[in-house]
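Since the structure comes first, as structure tokens, the remarks are kept for the end.
The values are calculated or read from the model by the stated rules, or taken from the named source; none is laboratory data. Everything quoted here is computed from the prediction, not taken from an experiment. FYI the Cβ positions are ideal-geometry reconstructions off the backbone, even for glycines, and counts take in every protein chain you see. These area figures cover heavy atoms from the full protein model, side chains too; ligands, DNA and RNA do not enter into them. Shrake-Rupley method; radii C 1.70, N 1.55, O 1.52, S 1.80 Å.
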Amino acid sequence: MLLSFILALVVTVGITVALFVSLIDDILVNQVKAQLHGQAEKAGKILRDGDISGLDNTEFKYVVKGLMLDADYLILDVHNKIIDANDDKEIGTTLQYTLSGRQGIAILHGKKFLFTKEPLPGRPYAIFIYAPLSSLRAHYGSLMRTTLLSIGFSFFIILAIGLLTVSRVVRPLNQLKEAVGRYEPFRSPAAAFPKGDTTEIGELITTFQSMSDRIQQHQSNQIEFLQNVSHELKTPLMSIHGFVFAIQDQVVTQEEGLEVIQTQSVRLMEMVDKLLQLSRLEAVDEEWPTSEIDLRAMAEEAALLLMPAANARAIELNVDGDSLHTVVAGEQLFRVLVNLLQNAVRHTSSQINVRVEADFPGAEWAIHIDDDGNGLSEQEREVVFQRFYTGANGVTGLGLAICRQIAANLDSELTYSDSPLGGARFSFIKYGGRSSGSGG
């Protein structure tokens, strides 16, 4: 960055100097041309009042930076033969240079000259007044030196300011680079990053700090998740292992032991299956096919699936609400409804009510599952959606975590509140916004 800045500054200064030199040169050349043209008019006036010899004692002058300089003249005929000049040696010779235009730059005796050529009124001659270009440029050398000194001084001032600015920008970037290089979620705290401020670099540092906090939180959650998985899987495995030896030692009957082994094996398979579901939901941005469904009909289908379990416990299971058609990922929504109804059947006392509600405040629609059980305490409401939280009659502690993740993927929300029946209410609330999955 620093080398690029210096290179850009050098190129800029070089272009500025070149343009300034060209501008000054053009200004002075045009100024001298105008003065030489005035001297040509002066010569023409003299010749109108007298003969050519009247020019011998005439001084032709031009001014450069306040200095009066002499200009020379030639009188040319139609063949460019010199018939008069302030240098007698020139008389009788022919001007070899072919002139283009009445003003410009000509080469005489190997040197460049500024000239102006004007026809003499009433005579077949032309006057050629010229001044050496070297004399002109010699006199603005001092101006150029002053200008270059000023530009050089400005260059170093700008360079110093640029170095300070670049240093101020690069220093926190280098600190951030070192902090990122050292950062490890398990070891380095977020304080390892430099302190951010309100500048763009400071905001970038703050963003990295926030990112590191999220990474550390994610790592902590992953560690906790692995610990919980290990603990939850260990329990059924220990039961299976213990009852195998109990059967071998004839401590329990084979029927009793196999029943426990079968129960714990089913629990273990359910837990692994739900872990795989949860892992897939969180790790894969899957496109779920959508279709138009009737929410009331889907709720009735889910209730019908759980009716045998409800009847076994003498639980009344009802579905309320009008028919409501919407486009949604039906398979995933049905999975959530079945899971919520399974929980309700396990925890209710005598009644479950499923209600489909259109135009839910702040959302498109909602489905409520109410029961008349004991509900949740204030502490349980905070943790009920966490992985492996199992309340009374819970199984794996993963069902509600899976349901909430599905809801999030469907641009929805799964919430808990008190039920009008006196127990728990779980609400699946569908908000507006992006569609759920892709059309199918």
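Scanning segment 21-46 for residues that are open to solvent by less than 60 Å² (accessible area, probe 1.4 Å), hydrophobic (A, V, I, L, M, F, W, C) and within 58 Å of the chain's Cα centre (by Cα) yields 21, 24, 28, 29, 32.
Selection of segment 322-338 for residues being of a type outside the set (Val, Ile, Thr) and open to solvent by 20 Å² or more (accessible area, probe 1.4 Å) yields 322, 323, 324, 325, 331, 334, 335. For segment 158-184, a tally of residues being closer than 13 Å to residue 199 by Cβ and free of Cβ contacts under 8 Å to residues at least 24 places away in the same chain returns 3. Just checking, how many residues over segment 347-384 are closer than 13 Å to residue 427 by Cα and open to solvent by less than 30 Å² (accessible area, probe 1.4 Å)? Total satisfying the criteria: 11.
Once segment 386-440 is narrowed to residues that are part of a loop (DSSP other than H, G, I, E, B) and modelled with pLDDT of 80 or more, the residue that is most open to solvent (accessible area, probe 1.4 Å) is 420.
Whenever a residue of segment 95-124 is in contact (Cβ under 8 Å) with a residue 40 or more places away in the chain, its partners that are open to solvent by 50 Å² or more (accessible area, probe 1.4 Å) and in a loop (DSSP other than H, G, I, E, B), lying with C-beta atoms within less than 7 angstrom and at least six residues away or across chains, give the pairs 116/102; 117/102; 118/102; 124/78.
Using the structure shown, decide if residue 61 is modelled with pLDDT under 75, part of a strand (DSSP E or B), open to solvent by 50 Å² or more (accessible area, probe 1.4 Å) and of a type in the set (D, E, K, R).
Numbers: modelled with pLDDT under 75: yes; part of a strand (DSSP E or B): yes; open to solvent by 50 Å² or more (accessible area, probe 1.4 Å): yes; of a type in the set (D, E, K, R): yes.
Yes.
As for segment 190-204, it holds at least one residue that is over 20 Å from the mean Cα position of the chain (by Cα), surrounded by 14 or more Cβ atoms within 10 Å (Cβ to Cβ), assigned to a helix (DSSP H, G or I) and at pLDDT below 75.
Residues of segment 365-385 being modelled with pLDDT of 90 or more and within 50 Å of the chain's Cα centre (by Cα), which ones? Don't jump to the end; show me each part of the working.
Taking segment 365-385 and keeping what is modelled with pLDDT of 90 or more, we get 365-372.
Hits for segment 365-385 are 365, 366, 367, 368, 369, 370, 371.
Is segment 95-110 home to any residue that is within 21 Å of residue 46 (Cβ to Cβ) and within 60 Å of the chain's Cα centre (by Cα)? Within segment 95-110 (the criterion being within 21 Å of residue 46 (Cβ to Cβ) and within 60 Å of the chain's Cα centre (by Cα)), the answer is yes, since at least one residue qualifies.
If you filter segment 1-16 down to residues that are at pLDDT below 75 and part of a helix (DSSP H, G or I), you find that the one that is least open to solvent (accessible area, probe 1.4 Å) is 9.
Anything in segment 281-305 that is closer than 19 Å to residue 356 by Cβ and either open to solvent by 40 Å² or more (accessible area, probe 1.4 Å) or modelled with pLDDT under 90 (or both)? List them, or say none.
Filtering segment 281-305 down to residues closer than 19 Å to residue 356 by Cβ leaves 290-305.
Those that are closer than 19 Å to residue 356 by Cβ and either open to solvent by 40 Å² or more (accessible area, probe 1.4 Å) or modelled with pLDDT under 90 (or both): 290, 291, 292, 296, 297, 300, 301, 304, 305.
Consider residue 93 carefully, then state whether it is of a type in the set (Ser, Thr, Tyr), under 14 Å from residue 133 (Cβ atoms), surrounded by 10 or more Cβ atoms within 10 Å (Cβ to Cβ) and modelled with pLDDT of 80 or more. Against the criterion (of a type in the set (Ser, Thr, Tyr), under 14 Å from residue 133 (Cβ atoms), surrounded by 10 or more Cβ atoms within 10 Å (Cβ to Cβ) and modelled with pLDDT of 80 or more), residue 93 does not qualify.
The condition (being at pLDDT 80 or above and under 28 Å from residue 25 (Cβ atoms)) is satisfied by just one residue among 160, 126, 138: 126. Applying the criterion of at least 2 residues that are of a type in the set (A, V, I, L, M, F, W, C) to the strands (runs of 3 or more DSSP E) found wholly in segment 258-374 leaves 316-320, 325-328, 351-358, 365-371.
Of all residues in segment 75-90, those satisfying the criterion of being charged (D, E, K, R) and surrounded by 13 or more Cβ atoms within 10 Å (Cβ to Cβ) are 77, 81, 84, 90.
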